[in-house]
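Derivation of every value follows stated rules applied to the coordinates shown; laboratory data play no part. From a predicted model like this one, the values you see are computed outputs, not experimental measurements. Ideal geometry is used to build each Cβ from the backbone, glycine not excepted, and the neighbour counts take in all protein chains shown.
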Amino acid sequence: MDEAFALSALRQFQESLWPPAANRKGKIMAALSADERRDHFAHCVQLFGGITSFSRRLGIDERAIRRFINGERALSDGLLADTATALRQLIAESTVAEEQISQMMRAEPRP
């Protein structure tokens, strides 16, 4: 994956979490319907690689996560804030890993 593509994908992902002000009129997370919040939460869980990975990252029981996704339990603002924090940490870790790969690729002689 080239650097421009990676940055573009990161921007798109960040905008999906918090779109630019011009695009978010009335669409702030608190203003979303319960279904929209649940769908967005399920999407975020998938960004971590699924329920098991998300469970380990946040220290939440897998059954509880399934209940949040299925609408059996309401999503709290605290859980969404914790998810956003974990996503920012994942972005930072991914950025460092990508930079290391890019450095290795530049350092290796090309055939």
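Counting only other residues whose beta carbon sits under 13 Å from that of residue 88, what net charge do I get with K and R as +1, D and E as -1? Walk me through the numbers on the way to the answer.
On the way: positive: 57; negative: 82, 93.
For residues surrounding residue 88, the net value is -1.
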Got a sec? Which residues in the stretch 68-85 would a label at residue 34 touch, if it sits 7 Å along Cα→Cβ and we count backbone N under 17 Å?
68-80
Estimated inter-spin distance, residue 76 and residue 42, nm [label 7 Å along Cα→Cβ]
2.3 nm
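Give, in nm to one decimal, the length gained when the segment between residue 102 and residue 85 is fully stretched (0.36 nm per residue of separation minus the Cα-Cα distance). Kindly include the intermediate steps, with their values, before the conclusion.
Values: separation 17, 0.36 × 17 = 6.12 nm, distance 2.58 nm.
Full extension from residue 102 to residue 85 adds 3.5 nm.
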